[in-house]
1. If you check every pair at least six apart or on different chains, which have Cβ atoms under 8 Å apart with a residue in the range 24-45 that is free of Cβ contacts under 8 Å to residues at least 40 places away in the same chain first and a residue that is outside any helix (DSSP H, G or I) and within 11 Å of the ligand (Cβ to nearest atom) second?
2. Condition check: surrounded by 18 or more Cβ atoms within 10 Å (Cβ to Cβ), out of contact with any Leu (no Cβ under 9 Å at 6 or more places or on another chain) and closer than 23 Å to Thr141 by Cα. Does Val171 satisfy that?
3. Just one of (1) exposed (fewer than 13 other Cβ atoms within 10 Å of the Cβ); (2) away from the ligand (no atom under 11 Å from the Cβ) trips up Ala12, so point out which.
4. Kindly list the number of the only condition in (1) in a strand (DSSP E or B); (2) out of contact with any Pro (no Cβ under 7 Å at 6 or more places or on another chain) that fails for Ala246.
5. Determine, yes or no, whether Leu110 is of a type in the set (A, V, I, L, M), outside the structural domain of Lys181 (by TED's automatic domain parsing) and at pLDDT 80 or above.
6. Would you mention how many residues in the range 27-40 are more than 10 Å from the ligand (Cβ to nearest atom) and either surrounded by 11 or more Cβ atoms within 10 Å (Cβ to Cβ) or among the aliphatic types (A, V, I, L, M) (or both)?
7. Among the residues of the range 160-190, what is the count of those that are within 18 Å of Asp121 (Cβ to Cβ) and of a type in the set (Val, Ile, Thr)?
8. When the residues of the range 126-175 are narrowed to those that are at pLDDT below 75, in a helix (DSSP H, G or I) and not small (Gly, Ala, Ser), which ends up farthest from the chain's Cα centre (by Cα)?
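The values are calculated or read from the model by the stated rules, or taken from the named source; none is laboratory data. Since the model is a prediction, treat every value here as computed from it, not as a measurement. Cβ placement follows ideal geometry from the backbone for every residue including glycine, while neighbour counts extend to all protein chains displayed.
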Amino acid sequence: MNCADLRLLSHAYLDDELDAADSLGVARHISECPACAQRLRLQAQLRERLRDAGLYRSASAALRTRIAARLPRPAHERRHSRRGWSVALATLAALCVIAVMFAGWQALQLRRQGSDALIADAVSDHVPSLLPGHLIDVRSTNEHTVKPWFDGRVDFSPQVRDLTAQGFELVGGRLDVLDGKQVAALVYRRHLHMINVFQWPSKRTMIASAVQTRNGYHVVQWSESGLRFVAVSSVAEGDLRTFVRAFRAAPAASGEPAR
Ligand SMILES: [Zn+2]
């Protein structure tokens, strides 16, 4: 080993990182070369002084906080944050449900108002129809006369049914306007009471409603065969219910499919 070799190996020798052969070589060289021995002694002194110079400093609390803020957050804190998102999403979902329910309630109110308006309209059409000369455009007790009369007058085929056997006499029919639509009105008689049956095409399906009462008149609504029906009369509630049941059960006039 020469002086150049020793300069290369001196730091590793001081760090005790050399293998046995190199370590022995360095030891032998410095025992023979005072210059290298002196250099090695100075390096060793420098190491000792750096180690004892009090260069170590503890981080201040503020520095720790700043560093901690930049480090990725521990897993349990991230879970906490995810829980926060879950609560936010659940709240949002609940708000959506409330909004949908409110919209549904509003639609129901509008439909109810529409139905109320229809009933009011039907009753206000029924009343003047009781005046002489206003009730009937085609006067006939025969459904085979009444039904063809509507041909060309309305753009649908009204349901005209013979209910004489059930105690409701067909008196005739007329054109009317209900809820802004042209409708067919059939007129039946029960003793001294008149029953108006309004009908018009509608896609809405509706089972027979309960008897509703307005200004002393009874009203029942239902739909069948793509038509909407509203029956209005001053007959007793029970009689109107019987009438609607009979009307729905009776076969249609000829030219319509038998029921
Ligand atoms: Zn040397």
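1. Gly25/Met1; Val26/Met1; Arg28/Met1; His29/Met1; His29/Asn2
2. Details: surrounded by 18 or more Cβ atoms within 10 Å (Cβ to Cβ): yes; out of contact with any Leu (no Cβ under 9 Å at 6 or more places or on another chain): no; closer than 23 Å to Thr141 by Cα: yes.
So Val171 does not fit the description; no.
3. (1)
4. Result: Ala246 fails condition (1) only.
5. no
6. 2
7. Matching residues across the range 160-190 total 3.
8. Pro128
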